[in-house]
Every structure is written in C-alpha cells, then in structure tokens.
Amino acid sequence: MTDAIIIGADHGGFHLKEEVKDILSDLGFQVTDTGANTYDAGDDYPEFASKVAASVSSGEFAKGIIICGSGVGASIAANKFPGVRAGLCHDSYSAHQGVEHDDMNILCLGARVVGIEVAKELIAAFVHASFTGEERHVRRLGKLLSIEQKCLQNDM
C-alpha cells in the first residue's frame, strides 16, 4: 500500500502521535507529520488541527488524523474547514462506520482517553474503511454538503 496520510497533534497528543506514526507505517502508509515536532506544554491544538484539516480540505490528502488531549478541540477546529468531516472516535465501530456511512475523512483521537492498543484498533478501522456509496449514505452526505455550502455563502 502506498497511501499517504497526514497527522498532527498538540502537546496533549504529542506522545501518542509519535506512536501513531509507527502504526501507520506498519500498515503501509506514508506519513506526513505536521507537528508538533517537540513536546511543548504551551502549544495549542488549533494550530495543528488546522494544518491537517487544510491539507484534507484542499484534497492534498484523502485522510488525516489529529490528536489532542481529549480529541474534542481537534474535532471542532478541523470541522471549520470546507469538505472536512472530522469525527472523534473512542470505539472501532464508530471509526469505520463514520467513514462507511458519513465519509469521515479525519479521525480525531484523545490521547488522555484512549491508550495505544485502542488507538491501534481505531486507526486500523479508520484507514481500512471506505465510503459505501449506498443511496441513503449519498443522500445524507449531499444534505451535509448542502448545509456546508449555505454556510459558506452566508445563506442560512
């Protein structure tokens, strides 16, 4: 597999991110790490979530992973970007179902919530899943994209 994936984390997710890079490499992914490159207790999640989300939003990467302490802030920040469907997952069902039904393209993890073994399961479920293309899922995704377009045009 020669797929590429982009990842990023603040101080809360820094140590897990370093392990996630190895997990992804073992799964055959080329990993682009947007930082943090060193542990800095004073850094902030929006900086790193934005780098990953911008790269997915632009189409440079199909999937990304963002890690912060809880995963909540990373998810909120990433979902500000057009075309990004970031989901915070703590169980493998949500990690694959979010992709299969909702075309989730960024997995958000909380390093203070999940340990390395759960993270391995979540990542495998996320990266191996693909959007089903079933009519009901396409219909629902279309409705989400319509909402996004209305928001971008200030037409809500």
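Readers should treat all values here as calculations from the given coordinates under stated rules, not as data from a laboratory. All figures in this text were calculated on a predicted structure; none of them were measured in a lab. Virtual Cβ from ideal backbone geometry, glycine too; neighbours counted across all protein chains shown.
How far is helix 45-57 tilted, in degrees, relative to the longest principal axis of the Cα atoms in the chain, given as a value from 0 to 90 rounded to the nearest 10?
50 degrees
Starting with the highest mean, order 21-30, 107-116 by the number of other Cβ atoms within 10 Å, averaged over the residues of each peptide.
Descending packing order for the listed peptides: 107-116, 21-30.
What pairs from Lys21/Lys51; Lys17/Lys143; Lys63/Lys143; Lys17/Lys150 go past 26 Å between their alpha carbons?
Where the Cα-Cα span goes over 26 Å, the pairs concerned are Lys17/Lys143; Lys17/Lys150.
If you fit an axis through the alpha-carbon atoms of helix 116-128 and take the longest principal axis of the Cα set of the chain, what angle between them do you get, 0 to 90°, nearest 10?
For helix 116-128, the angle is close to 40 degrees.
For Cys108, list long-range residues whose amide hydrogen, built 1.01 Å from N in the peptide plane, is under 5 Å from its own amide hydrogen.
Under 5 Å from the amide H of Cys108: Ile66, Gly87, Leu88, Cys89.
In degrees from 0 to 90, rounded to the nearest 10, what is the angle of the helix 135-152 Cα long axis to the longest principal axis of the chain?
It works out to around 80 degrees.
Can you give me the distance in nm between label points at Glu121 and Tyr93, each placed 7 Å from the Cα along the Cα-to-Cβ direction?
1.2 nm
Starting from 0.36 nm per residue, how many nanometres of slack lie between Cys151 and His101 once their C-alpha separation is accounted for?
Gain on extension, Cys151 to His101, equals 15.8 nm.
Restrict the search to region 16-103; then list the GluC sites (Glu not before Pro) that DSSP places in a loop and that have at most 11 other Cβ atoms within 10 Å of their Cβ.
Of the GluC sites (Glu not before Pro), not one in the loops of region 16-103 has a Cβ with at most 11 other Cβ atoms within 10 Å.
Does a label point 7 Å from the Cα of Phe131, set along Cα-to-beta-carbon, have any residues of region 42-65 with amide nitrogen under 13 Å, and which are they?
From region 42-65, the list is 57, 59, 62-63.
If you scale each eigenvalue of the Cα gyration tensor by 5 and take the root, what three semi-axes come out for region 1-114, rounded to whole angstrom and sorted largest first?
Output for region 1-114: semi-axes of 18, 16, 14 Å.
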